Amino acid sequence: MWQDLDIAVKKTAPEKRKEKPPQDALGFGDHFTDHMFLMKWNKENGWHDARICPYGNFSMDPAAMVYHYGQAIFEGLKAYKGDDGQIYMFRPEDNLERMNSSALRMCMPRLPVDNVLKGLKALVYLDRDWIPTVDGATLYIRPTMIGVEPALGVRPSSEYYFFIIMSPVGAYYAEGFSPTKIWVTDKYVRAVKGGVGHVKTAGNYAASIMAAEEAHKAGYTQVLWLDAIERKYVEEVGTSNIFFKIGDDLITPPLGGSILGGITRDSVIELAKSWGINVLERRISIDEVTAACEDGSLQEVFGTGTAAVISPVGELCYQEKKYTIAGGATGELSKKLFEELQAIQNGKTADPFKWITRIG
Ligand code: COI
């Protein structure tokens with residue numbers, strides 16, 4: 001049982017280790033480290049067979065339930081190598097706790113957070129040479145849980161895999177930290193309250209792809225979703241939460257069940273409040289945003305996410321009308337938040353919120 005879960009370690013033979021990609025051309029999620037963490041769950045044994053092993057394929061029955069009914073949840077977090085040579089992770093317990101909330105909603109088993117954290121730290125330490133050291137590049141960590149019982153009845157799987165893979169990454173968007181262009185859709189919706197919009201489950205992302213493809217074709221980086229009922233209130237961007245600086249206020253939509261409770265979102269709220277900024281978690285309509293853009297009070301818009309970090313928005317397109325934000329440049333607050341978050345994550349500055357876990 002997981003209370004006394006032992007983690008076996010089988011290292012990749014030196015001659016089978018992969019060549020590391022150049023750090024200045026990593027892209028996002030295209031390369032994977034030499035090892036992964038894997039453990040299994042069934043009704044008889046709970047979580048068992050925990051191991052760190054060479055990165056490699058699974059062999060799964062084509063009837064495995066994840067392939068059919070999408071019982072799949074995941075997380076995204078990062079490891080950093082500081083100038084002091086230390087390895088840091090940002091709020092890993094919060095990611096694992098969020099995964100447990102996702103598991104609850106998707107009728108999947110709860111993770112033993114302390115044990116998984118132990119395995120995660122051991123995995124990051126083992127593959128520490130994969131953590132990029134160039135500015136803006138990090139090691140992205142993807143914990144994932146899937147239902148693997150071979151069965152076609154629609155019900156919770158009775159068997160699961162939990163695994164962690166890791167990928168050295170550069171910026172998520174091709175724009176890097178330069179402003180992105182966002183397409184506001186009132187044609188498609190992402191989630192409704194009572195559904196799974198607040199859950200980090202694969203289906204939310206699958207359902208978003210068509211709108212993102214249309215946005216890309218129109219020359220936009222991402223989609224901004226509106227609420228599914230009135231198609232009026234701002235929800236989130238495809239891969240991040242969203243913030244608006246209007247006058248002296250920093251406004252972000254509230255967590256009401258249809259948007260993801262981002263850990264970067266929460267960190268930005270805490271940081272901005274600590275700087276004396278008036279942060280408001282409240283509903284904001286797209287009409288309020290466009291009106292503020294037109295009257296000049298909309299100073300900045302930015303997305304927040306683990307992959308995206310802080311991603312400034314330079315243009316919104318809504319109902320075929322283009323709205324340029326901050327003259328299309330990166331705003332002061334976006335820059336300050338980006339720099340401060342990065343400095344905390346890299347161990348370069350004090351960590352008053354106790355967000356950092358040091359490894360090794
Ligand atoms: C993350 O920011 O970690 C995410 O999971 C978003 C992902 C779609 C890249």
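The values are calculated or read from the model by the stated rules, or taken from the named source; none is laboratory data. None of the values given here were measured: they were computed from a predicted structure. Note that each Cβ is placed from the backbone with ideal geometry, even for glycine, and that neighbours are counted across all protein chains shown.
Report yes if some residue within region 247-255 is surrounded by 14 or more Cβ atoms within 10 Å (Cβ to Cβ) and among the small types (Gly, Ala, Ser); otherwise report no. No; the residues of region 247-255 include none that is surrounded by 14 or more Cβ atoms within 10 Å (Cβ to Cβ) and among the small types (Gly, Ala, Ser). Of all residues in region 144-183, those satisfying the criterion of being within 18 Å of the chain's Cα centre (by Cα), surrounded by 23 or more Cβ atoms within 10 Å (Cβ to Cβ) and closer than 19 Å to Arg105 by Cβ are Met145, Ile146, Phe162. Being within 16 Å of the ligand (Cβ to nearest atom) and part of a loop (DSSP other than H, G, I, E, B) is the filter; apply it to region 256-280 and report the residue that is nearest to Lys200 (Cα to Cα). Selected residue: Leu260.
Just one of (1) touching a residue at least 60 places away in the same chain (Cβ under 8 Å); (2) touching a Leu at 6+ places or on another chain (Cβ under 8 Å); (3) surrounded by 17 or more Cβ atoms within 10 Å (Cβ to Cβ) fails for Lys11. It is (3). Taking Val9 and the conditions (1) over 25 Å from Leu152 (Cα atoms); (2) within 16 Å of the ligand (Cβ to nearest atom), which numbered condition does it fall short on, given that it satisfies the others? Checking Val9 against (1) over 25 Å from Leu152 (Cα atoms); (2) within 16 Å of the ligand (Cβ to nearest atom), the one that fails is (2). Filtering Arg190, Arg231 for residues that are under 22 Å from Glu75 (Cα atoms) and of a type outside the set (A, V, I, L, M, F, W, C) leaves a single hit, Arg190.
The rows are residues; the columns are (1) more than 17 Å from Tyr188 (Cβ to Cβ); (2) out of contact with any Gly (no Cβ under 6 Å at 6 or more places or on another chain); (3) in contact (Cβ under 8 Å) with a residue 40 or more places away in the chain.
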position: Ala228; (1), (2), (3): no, yes, no
position: Asp248; (1), (2), (3): yes, yes, no
position: Ile277; (1), (2), (3): yes, yes, yes
position: Ala291; (1), (2), (3): yes, yes, no
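Here Glu236 meets the list (1) in a strand (DSSP E or B); (2) acidic (Asp, Glu); (3) not assigned by TED's automatic domain parsing to the domain that holds Leu337 almost entirely, failing just condition (3).
The residues in region 1-56 that are within 13 Å of Ile165 (Cα to Cα) and either in contact with a Cys (Cβ under 9 Å, 6 or more places away or on another chain) or among the polar types (S, T, N, Q) (or both) can be counted, and the count is 5. Just to check your reading of the model, which residue among Thr185, Thr133 is in contact (Cβ under 8 Å) with a residue 40 or more places away in the chain, within 30 Å of Asp287 (Cβ to Cβ), away from the ligand (no atom under 15 Å from the Cβ) and of a type in the set (Ser, Thr, Tyr)? Selected residue: Thr185, the only one of Thr185, Thr133 that is in contact (Cβ under 8 Å) with a residue 40 or more places away in the chain, within 30 Å of Asp287 (Cβ to Cβ), away from the ligand (no atom under 15 Å from the Cβ) and of a type in the set (Ser, Thr, Tyr).
Every condition in (1) closer than 27 Å to His68 by Cα; (2) surrounded by 15 or more Cβ atoms within 10 Å (Cβ to Cβ); (3) out of contact with any helix residue (DSSP H, G or I) (no Cβ under 7 Å at 6 or more places or on another chain) is met by Tyr188 except one, and the failing one is (3).
Which residues, counting only those in region 238-251, are at pLDDT 95 or above and either under 16 Å from the mean Cα position of the chain (by Cα) or within 16 Å of the ligand (Cβ to nearest atom) (or both)? If you could, list the steps in order and put the result at the bottom.
Of all residues in region 238-251, those at pLDDT 95 or above come to 240-251.
The answer is Ser240, Asn241, Ile242, Phe243.
Checking each residue in region 72-94 for being on the phi > 0 side of the Ramachandran plot and within 13 Å of the ligand (Cβ to nearest atom) picks out only Arg91.
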